[in-house]
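What follows is a short report on a single structure.
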Amino acid sequence: MLAVETEGLIKQYGDVVAVDGLNLTVEEGEIYGFLGPNGAGKTTTINMLLGLIHPSGGSAQVLGQEVGDHIREVRSRIGVLPAHSELYDRLTARKHLEFVVGVKDADDDPDALLERVGIPDAADRPAGDFSTGMGQRLRLAMALVDDPDLLVLDEPTSGLDPNGARQMRRIIQEENDRGATVFFSSHIMDQVESVCDRVGVLNQGTLVAEDTVVGLRDAAVGGPQLSVTLENTVDGVAETVQTVDGVTSVAVEGNTLRASLASAEMKGPAMNAVAATDARIADFEFSEESLEDVFATLTGEAEGATA
Amino acid sequence: MYWTDVARKDFADAVRSRMVWALSGLMILFAAIGLYIPEATGSDATVSDGVGVLSGVMGVFIPIVAIVVGYMSIVGERETGSVRMLLSLPLKRWEVLAGKLVGRAAVMVIPVLIGFAVAVPVALAVYGDLPGTDYAEFVTAVVLLGATFVTIAVGISGSVDSRGKALALVLGLYAVLQFFWSLIPSGLYYLTNGEPPGQDPPIWFEAINRIRPADAALSVSEGLWNGISTSEPLVLQEWFAGVILLFWLAVPVLIGYLRFDHADIS
C-alpha cells in the first residue's frame, strides 16, 4: 500500500499556482525526502495532505484515505511536525505533550518522549522560554506520540544546531526501523542524503525529479571529475586515458588533464593509466558533484543556469 | 469528547496568563464598588439601588470583557500557526471551535461568579441584607450576557483570518448593539408617526429594543427567577427573549463554524 499518493494535485491562489499537478507516491515503510527551495510549494502540499487547505484540483490519499474525508481515524495514525507553528508560550512542555496524548487517546509518558528528543529537563518549563531548537525538539516529541504509522515532518531540522539535526536524523531512522513511514520536507539537500530512501525534488509546484539519492546523483549532469596536473607535457596521455573503461571524456588544458568518469570507482584505473605513461604527476584532484549541486541544477538555482 | 481536551488546554492557558485571576479581581472590585456606590452617595440607599447601579455598569462592561476574552480565540491560533498543530491531530474543526468556546466561556463566567460571590458579604455588611432572588436574577443576567458575547466573539474569531478583521467586526457589532440600536425603533417610530415616541411606546418599539443581547439576557433572567409575564403581549414575554438569546448564542458561532470549516489553514 502507498502511504501517500497524489494525482494531479493542484492548489491555486488567484493567478498564482502554488502546486501544479503534483504526482507523488510515498511507499509504506520508506523515508521520503521532499525537497525544494523555499516557496516551491512543499508546505502547501503538506497542508493539503493534512486536510488543512482544500485542493483546487486533483486528488490526494493518505494511508489509503481520500484527504477530503480526512477524519479522526486517519489522523490518529499520523504524527505531524508542522512548519511555522508556534507553541503555546505559557504552557509547559509536559502540558503540550499531555494535550497530544489526551487527544490521541495514547498512553505515552511525556518524560520518556522528552528524554528521547534530548530535552529531559524541559518538562516543567513553559515553551515561551524555549530556544528555537528546543521548541523544534518539543514539536518532534509531539509528533512521536502514539507511535504513528506515518510521520509528516515539515522542515524538521529548521532551527536545530548540527548536533540537533543529527539527533533528528537518528530518530527518523529509529522510527523507520520501527516500521513507520517518514515523509519530511527540507530545503537543504545535504541533510537528507544519509537518511532518505527516496527523494522528490519540488520546484515551482511540480516534481522535477524523484529517485533514490544515488539515482539522483547518477542522473546529474557531469558526473565525477578527475583532474590531474602534470610536471611535463607528454604526447598521447589523453589518448591513453581515454581508452580506460569508464572514462567518458578527456580534455587537456596546458599541463592539466581533465577526465570525466562514469563512476567514482574509475578514478583508480584512470590514475594508473596516467602513471603508466612518461608523464610525472604533480598533483591531482577528484571531485564529485555534491547533492547540493544536483539540487541547484534541478531547481534552477545554479550559477549560470538558464533563467 | 475530544473537544474537552481543547477546552481544558485553553482554560489552562488562560489561567497561566493570569487572565482568569485578573478578571476575578476586576469582578470583585466592580461588584463591591458598584454595590457600595448608592450607600456612599445617599443616606437612605437600599441594596436594591446597589444592584441597580451594578446592573447598569455590567450591561456596558460585561460585553467588552467577553469580547476581549473571545475575539482572539481562533484567529489568534491561526496567526501563530498553532492551529495547524491542533488540526493535524485527530480533531475536527468543530471540536476545536467547541473546545475554544467552552474554555473561553469558563474564563468569562468563573470570574463573574467569584466576583459576585465575594460581593455578597460586602452587601450584607453595608446594607444588612441582600434580596436573594433579585441578586440571583442579576447574576444570572450577567452570566448569560457574558456567555452570549463570548459566543459572538468566538464565532467572529472563527470567521476571519486576521486579528484586525476580528477586532473590527466584533467592535462594530458591539457599537451597533450598545450605542446605536435604540436609534432603530426611534427612527422607525419617527418615520411612521412624524414625532418622537411618547410615554407609552407601541409594543413593536419595545420588542425591537429587546433584540439586543443585554436586554434579552435581562428578560430571560427575569423569567427564570420570577416566572413568565403572561399578561404581556407575546413578543414581550420572557420566553420570547429566550428565543432571541438562543439566536445570538447559535447564529454567530454557526457562521463562524461554517467559515472556519471551509477555510484554508495555511
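The values are calculated or read from the model by the stated rules, or taken from the named source; none is laboratory data. None of the values given here were measured: they were computed from a predicted structure. Every residue, glycine among them, receives a Cβ derived from its backbone with ideal geometry; neighbour counts consider all protein chains shown.
Scanning the range B:237-266 for residues that are within 14 Å of chain A (Cβ to nearest Cβ), in contact (Cβ under 8 Å) with a residue 12 or more places away in the chain and outside any loop (DSSP other than H, G, I, E, B) returns B:ARG259, B:PHE260, B:ASP261. Only a single item in (1) free of Cβ contacts under 8 Å to residues at least 12 places away in the same chain; (2) within 23 Å of B:VAL83 (Cα to Cα) is not met by B:GLY132, and it is number (2). Exactly one residue out of A:THR212, A:THR229, A:THR256 is in contact (Cβ under 8 Å) with a residue 12 or more places away in the chain and farther than 26 Å from A:ALA296 by Cβ: that is A:THR229. For the range B:190-205, name all the residues that are part of a helix (DSSP H, G or I) and closer than 21 Å to B:ALA241 by Cβ. The answer is B:ILE203, B:TRP204, B:PHE205. Residues in the range A:212-223: is at least one within 23 Å of A:VAL62 (Cβ to Cβ) and not in a loop (DSSP other than H, G, I, E, B)? Taking every residue of the range A:212-223 in turn, none turns out to be within 23 Å of A:VAL62 (Cβ to Cβ) and not in a loop (DSSP other than H, G, I, E, B). Filtering the range B:1-35 to residues that are among the hydroxyl-bearing types (Ser, Thr, Tyr) and more than 10 Å from chain A (Cβ to nearest Cβ) leaves only B:SER24. Which of the residues belonging to the range A:88-107 are within 23 Å of A:THR157 (Cβ to Cβ) and either at pLDDT 95 or above or not in a loop (DSSP other than H, G, I, E, B) (or both)? Answer for the range A:88-107, where residues must be within 23 Å of A:THR157 (Cβ to Cβ) and either at pLDDT 95 or above or not in a loop (DSSP other than H, G, I, E, B) (or both): A:ALA93, A:HIS96, A:LEU97, A:VAL100. Taking the residues in the range B:40-50 that are surrounded by fewer than 22 Cβ atoms within 10 Å (Cβ to Cβ) and either acidic (Asp, Glu) or part of a helix (DSSP H, G or I) (or both) as candidates, determine which candidate is modelled with the lowest pLDDT. Out of the qualifying residues, it is B:ASP44. Tell me, please, whether a residue that is touching a Leu at 6+ places or on another chain (Cβ under 8 Å) and either polar (S, T, N, Q) or at positive phi (or both) can be found in the range B:32-53. Among the residues of the range B:32-53, not one is touching a Leu at 6+ places or on another chain (Cβ under 8 Å) and either polar (S, T, N, Q) or at positive phi (or both), which makes the answer no.
When the residues of the range B:129-164 are filtered to those that are of a type in the set (Gly, Ala, Ser) and surrounded by fewer than 19 Cβ atoms within 10 Å (Cβ to Cβ), which remaining residue is farthest from B:VAL96 (Cα to Cα)? Applying the filter and picking the extreme gives B:GLY132. Do we have A:LEU97 as of a type outside the set (S, T, N, Q), crowded, with 24+ Cβ neighbours inside 10 Å, within 12 Å of chain B (Cβ to nearest Cβ) and within 19 Å of A:TYR32 (Cα to Cα) here? So A:LEU97 does not fit the description; no. Taking B:VAL102 as the residue in question, decide whether it is away from every other protein chain (no Cβ under 14 Å) and either free of Cβ contacts under 8 Å to residues at least 60 places away in the same chain or more than 30 Å from A:LEU50 (Cβ to Cβ) (or both). So B:VAL102 fails the test. May I ask you to verify whether B:SER162 is farther than 14 Å from B:VAL251 by Cα and in contact (Cβ under 8 Å) with a residue 12 or more places away in the chain? Considered against the rule, which asks whether it is farther than 14 Å from B:VAL251 by Cα and in contact (Cβ under 8 Å) with a residue 12 or more places away in the chain, B:SER162 comes out as yes. Checked against the criteria, B:GLY164 counts as within 30 Å of B:SER82 (Cα to Cα) and either modelled with pLDDT under 90 or over 19 Å from the mean Cα position of the chain (by Cα) (or both). For the range A:128-162, filtered to residues that are small (Gly, Ala, Ser) and within 21 Å of A:LYS104 (Cα to Cα), the residue that is surrounded by the fewest Cβ atoms within 10 Å (Cβ to Cβ) is A:GLY135. Kindly indicate whether any position in the range A:62-72 is modelled with pLDDT of 90 or more, buried (at least 21 other Cβ atoms within 10 Å of the Cβ) and more than 13 Å from chain B (Cβ to nearest Cβ). Checked against the condition, which is being modelled with pLDDT of 90 or more, buried (at least 21 other Cβ atoms within 10 Å of the Cβ) and more than 13 Å from chain B (Cβ to nearest Cβ), the range A:62-72 yields no hits at all.
Would a scan of the range A:36-46 turn up a residue that is over 30 Å from A:ASP121 (Cβ atoms), free of Cβ contacts under 8 Å to residues at least 40 places away in the same chain and more than 14 Å from chain B (Cβ to nearest Cβ)? No, every residue in the range A:36-46 fails to be over 30 Å from A:ASP121 (Cβ atoms), free of Cβ contacts under 8 Å to residues at least 40 places away in the same chain and more than 14 Å from chain B (Cβ to nearest Cβ).
Within the option set A:ASN47, A:ASN38, being modelled with pLDDT of 90 or more, within 21 Å of the chain's Cα centre (by Cα), within 26 Å of A:HIS187 (Cβ to Cβ) and not in a strand (DSSP E or B) holds for one residue only, A:ASN47.
If you go through the range B:51-82 and keep only what is facing chain A (nearest Cβ under 8 Å) and assigned to a helix (DSSP H, G or I), you end up with B:THR80, B:SER82. Sub-6 Å Cβ pairs linking a first residue in the range B:175-187 that is more than 14 Å from B:ILE152 (Cα to Cα) to a second residue that is of a type in the set (S, T, N, Q) and at pLDDT below 90, at least 6 apart or interchain, are B:PRO185/B:ASN209, ordered by first then second residue. Does A:SER85 satisfy the condition of being of a type in the set (S, T, N, Q), part of a loop (DSSP other than H, G, I, E, B) and in contact (Cβ under 8 Å) with a residue 40 or more places away in the chain? The answer is yes for A:SER85. In this structure, does A:ALA123 turn out to be touching a Lys or Arg at 6+ places or on another chain (Cβ under 9 Å), of a type outside the set (Ser, Thr, Tyr) and within 14 Å of chain B (Cβ to nearest Cβ)? No, not satisfied.
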